[in-house]
Amino acid sequence: MLEKALKGSKTYWMWLLALAVVFAVGFVVYLRQLEFGLGITGMSRDVTWGFYIAQFTFLVGVAASAVMLVLPYYLHDYKTFGKITVLGEFLAVASVLMCMLFIIVDLGQPMRLLNVIFYPTPNSMLFWDMIVLNGYLFLNIVIGWNVLDAERNNTAPEKWIKPLIYLSIPWAVSIHTVTAFLYCGLPGRGFWLTAVLAPRFLASAFAAGPAFLILLSFIIRRFTGFDAGTRARQTLAKIVAYAVLANLFFFLCEVFVAVYSQIPEHMSHLQYLFFGLHGHDALVPWMWSSMALMVLAVIFLIIPAARQNETTLIFSCAFVFVGTWIDKGLGMISGGFVPNPLHEVNEYIPSIPEIVITIGVYALGFLVLTLLYKVVTGVKKEVAGQG
Amino acid sequence: MENSRRRFLKTAGFSILGVGAGSMLIGLAPGPSEAAGPAAETKPVFVDRPDAKHARRWGMVIDTRGLDARTCRKMEEACHSIHNVPDHIGKFGNKNHEIKWIWDTEFKHAFPGQEAEFLSDRLENAPVPVLCNHCDNPPCVRACPTRATFKREKDGIVLMDFHRCIGCRFCMAACPFGARSFNFRDPRPAIEDENPEFPTRMKGVVEKCNFCAERLAVGKMPACVEASGGALTFGDLNDPDSDIRKLLADEYAIRRKPNLGTFPSVFYIV
């Protein structure tokens, strides 16, 4: 099937080339980071995880959200998702790949990465994260590829695929739960020290991932003519709506506990993010925008007329994606580090090289995603008798 | 290069499924400190000489009443020069990359959540030295994915293996005391007079106070204790007859963030 990715229009090749160039630029800057150290980023002694780990966290969510397609389609035989499920699975593949790259670019000594395997340490959540991410990547490649191949040959998927599909459902939940456990089990970080962190991560993931998939399905329809189906998009849009609502609800629960209890070590991080602390307020406009975007999106997605209108649907999904990205990819990580354990305020702002490397990783992810989607649309067209 | 590393990671990922399952059985049974044991036993960090100082659990009492800014500076300089701690602020003016093993701060920063509202002028402004607490239940050790940081079985000191650390900085997020520093760049250009008897670090690894394990091994007291003019008492917390235990029996001493259950081995008389 891979040959499908090798035949394409001029636009296709130009797009791949553009992504490759962006990736190459990011890679060159990464070489500079390898040489100098992580000092070329905006991270500091106080904010020791920044943009990279935040993107990792956000993308684990996008990857996990494939379960929102897999579960209805395979477990409940929801046929409407027949054309879009494999798109979700391959989005998960590209996302997990980016997650792993973000972990690697964040390491101070990436050459020693294998120490995690040489000295396996089950009491470290990072060890479990490595296992669940690799497992999830494996599951989605195998499942997506086999099911697509079966569809192409007009046969039923292999029998042994079925248990893997069922396994992939709890596994999807596990990747984001373990990722939340990286943060919420740390004793001195009041912002993350909450049992609602994993549920909140899942809620925002099930909003961001499907919203992005809806946007992708429009792009694919525009460029390849392959349509995942209006009904599939509408169902997804409802999933997005309630997932954003759940995310906002969990967030408000969090705000209530912190603000009503008035415990400083829980409240001060929210204060920093939404109002600024001791004159430091770089993230304030971002956080309010994030909230506004998510609230607007919920309104648009719940009103049937607005959801069914493609233009408002596109805007709503973009709002959800950007809103949840700010929430998780910007505020969630640095918000936990400010103020620091000594209650001093040192802000974090990503540096230019850090942003370039980040964009480079995204470029590689989109490159992989493009290739995978090219295969999918090629096969689907062939099956439909147009290829 | 990127490509080969990605392939490498994938293969690594598959093989970990097997390795991980095995280690689960071994690793999950004992608690976190026992799990860290083998690292300490197979490779002693500092070889004890005959006159080495021994304890079951090393601890420190800091009497803030006997400390002034000058003494604190002396302690900090003694520690940082002996351990080749780079001065990124002095050399490059970069506060983000700062590395410190012991430093002094105000009472309200050393004890957030325990701040007394109407503190005496002396305490309000007194310098409070802070350093790694060598917790009996260290969250940094629990978080480390490679056991590069571990609690030494024989005396409870929380140590770092600079050669094993992958620089993920999970331990820094886990430490509730901000005791750890990361080498955001090569530290060597920022070391004024290198002490050949202690290793310098490389970029990309975490470091922190080691309770002068290298000095205890040759029968010396920690550098900060020597420079403190008697304000710091160092000894075995497990020995009821030690000076440190007698001091703790006589004076009311507090610890930083005791509510977090890390059981710091550094006590403060305020």
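Filter region A:316-355 for residues that are more than 9 Å from chain B (Cβ to nearest Cβ), of a type in the set (A, V, I, L, M) and out of contact with any Asp or Glu (no Cβ under 7 Å at 6 or more places or on another chain) and give the result.
A:Ala318, A:Val320, A:Val322, A:Ile326, A:Leu330, A:Met332, A:Ile333, A:Val345, A:Ile349, A:Ile352, A:Ile355
Across region A:249-295, what is the number of residues that are over 18 Å from A:Ile333 (Cβ atoms) and hydroxyl-bearing (Ser, Thr, Tyr)?
Total meeting the criteria: 2.
Within region A:348-387, track down each residue that is surrounded by 20 or more Cβ atoms within 10 Å (Cβ to Cβ) and outside any helix (DSSP H, G or I).
Hit for region A:348-387 is A:Tyr348, nothing else.
State which residue is farthest from the other protein chains (Cβ to nearest Cβ) when the search covers only region A:30-43 and only residues that are under 21 Å from A:Met98 (Cα atoms) and open to solvent by 30 Å² or more (accessible area, probe 1.4 Å).
So, considering only residues that are under 21 Å from A:Met98 (Cα atoms) and open to solvent by 30 Å² or more (accessible area, probe 1.4 Å), the one farthest from the other protein chains (Cβ to nearest Cβ) is A:Arg32.
Pick out the one residue from A:Leu296, A:Leu283 that is open to solvent by 70 Å² or more (accessible area, probe 1.4 Å) and within 30 Å of A:Tyr348 (Cα to Cα). It would help to see each step written out before you state the result.
On the way: A:Leu283 fails: open to solvent by 70 Å² or more (accessible area, probe 1.4 Å).
Being open to solvent by 70 Å² or more (accessible area, probe 1.4 Å) and within 30 Å of A:Tyr348 (Cα to Cα) holds for just one of A:Leu296, A:Leu283, which is A:Leu296.
Give me the residue from region A:15-29 that is under 12 Å from A:Val105 (Cβ atoms) and not aromatic (Phe, Trp, Tyr) and, out of that set, farthest from the other protein chains (Cβ to nearest Cβ).
Step one: filter region A:15-29 for residues under 12 Å from A:Val105 (Cβ atoms), giving A:26-27, A:29.
Right, trim to not aromatic (Phe, Trp, Tyr) and you get A:26, A:29.
On the way: A:Gly26: 10, A:Val29: 12 Å.
By that ranking, first place goes to A:Val29.
Counting just the residues of region A:117-132 that are open to solvent by 10 Å² or more (accessible area, probe 1.4 Å) and assigned to a helix (DSSP H, G or I), which one comes out nearest to A:Val86 (Cα to Cα)?
A:Val132
If you check A:Ser289 against the conditions, is it crowded, with 19+ Cβ neighbours inside 10 Å and in a helix (DSSP H, G or I)? Show your work before the answer.
Values: crowded, with 19+ Cβ neighbours inside 10 Å: no; in a helix (DSSP H, G or I): yes.
Spelling it out, it is not the case that A:Ser289 is crowded, with 19+ Cβ neighbours inside 10 Å and in a helix (DSSP H, G or I).
Return the total of residues in region A:105-163 being under 27 Å from A:Val361 (Cα atoms) and of a type in the set (Lys, Arg).
1
Quick check, is A:Met68 buried (at least 22 other Cβ atoms within 10 Å of the Cβ), within 11 Å of chain B (Cβ to nearest Cβ) and of a type in the set (A, V, I, L, M, F, W, C)?
Values: buried (at least 22 other Cβ atoms within 10 Å of the Cβ): yes; within 11 Å of chain B (Cβ to nearest Cβ): no; of a type in the set (A, V, I, L, M, F, W, C): yes.
Criteria not met by A:Met68.
I'd like to check something: does region A:5-13 contain any residue that is among the β-branched types (Val, Ile, Thr), surrounded by 18 or more Cβ atoms within 10 Å (Cβ to Cβ) and in contact (Cβ under 8 Å) with a residue 60 or more places away in the chain? Before the answer, list the steps.
Within region A:5-13, the subset among the β-branched types (Val, Ile, Thr) is A:11.
Filter once more, keeping what is surrounded by 18 or more Cβ atoms within 10 Å (Cβ to Cβ): none.
No; the residues of region A:5-13 include none that is among the β-branched types (Val, Ile, Thr), surrounded by 18 or more Cβ atoms within 10 Å (Cβ to Cβ) and in contact (Cβ under 8 Å) with a residue 60 or more places away in the chain.
Looking at region B:96-118, which of the residues that are of a type in the set (A, V, I, L, M, F, W, C) and surrounded by 15 or more Cβ atoms within 10 Å (Cβ to Cβ) is nearest to B:Phe184 (Cα to Cα)?
Taking region B:96-118 as the starting set, the residues that turn out to be of a type in the set (A, V, I, L, M, F, W, C) are B:99, B:101-103, B:107, B:110-111, B:116, B:118.
From what's left, surrounded by 15 or more Cβ atoms within 10 Å (Cβ to Cβ): B:99, B:101-103, B:107, B:110-111.
Values: B:Ile99: 9, B:Trp101: 15, B:Ile102: 18, B:Trp103: 19, B:Phe107: 28, B:Ala110: 25, B:Phe111: 27 Å.
If we take residues in region B:96-118 being of a type in the set (A, V, I, L, M, F, W, C) and surrounded by 15 or more Cβ atoms within 10 Å (Cβ to Cβ), then B:Ile99 is nearest to B:Phe184 (Cα to Cα).
I'm checking my understanding of the structure. Among residues of region A:307-335 that are of a type in the set (Gly, Ala, Ser) and at pLDDT 95 or above, which one is farthest from A:Ala228 (Cα to Cα)? First the steps, then the outcome.
Applying the first criterion (of a type in the set (Gly, Ala, Ser)) to region A:307-335 yields A:316, A:318, A:323, A:329, A:331, A:334-335.
Checking the rest, the ones that are also at pLDDT 95 or above come to A:316, A:318, A:323.
Numbers: A:Ser316: 18, A:Ala318: 18, A:Gly323: 25 Å.
Looking at the filtered set, the residue picked out is A:Gly323.
If I ask for residues that are open to solvent by less than 10 Å² (accessible area, probe 1.4 Å) and either under 25 Å from B:Met172 (Cβ atoms) or part of a helix (DSSP H, G or I) (or both), which ones from region B:213-231 would you list?
If the condition is that a residue be open to solvent by less than 10 Å² (accessible area, probe 1.4 Å) and either under 25 Å from B:Met172 (Cβ atoms) or part of a helix (DSSP H, G or I) (or both), then B:Ala213, B:Leu216, B:Pro222, B:Ala223 are the ones that fit.
Just to check your reading of the model, which residue among A:Phe206, A:Phe249, A:Phe212 is surrounded by fewer than 23 Cβ atoms within 10 Å (Cβ to Cβ), touching a residue at least 60 places away in the same chain (Cβ under 8 Å), part of a helix (DSSP H, G or I) and not charged (D, E, K, R)? If you could, list the steps in order and put the result at the bottom.
Details: A:Phe206 fails: surrounded by fewer than 23 Cβ atoms within 10 Å (Cβ to Cβ); A:Phe249 fails: touching a residue at least 60 places away in the same chain (Cβ under 8 Å).
It is A:Phe212.
Look through A:Leu59, A:Leu16, A:Leu2 and report the one residue that is under 26 Å from A:Glu89 (Cα atoms) and at pLDDT below 95.
Numbers: A:Leu59 fails: at pLDDT below 95; A:Leu16 fails: at pLDDT below 95.
Answer to the check: A:Leu2.
The values are calculated or read from the model by the stated rules, or taken from the named source; none is laboratory data. This structure is a prediction, so every number in the text was calculated from the model and none was measured. All Cβ positions, even for glycine, are placed from backbone atoms using ideal geometry, and neighbour counts span all protein chains on display. Note: areas computed on protein heavy atoms with side chains; ligands, DNA, RNA excluded. Shrake-Rupley method; radii C 1.70, N 1.55, O 1.52, S 1.80 Å.
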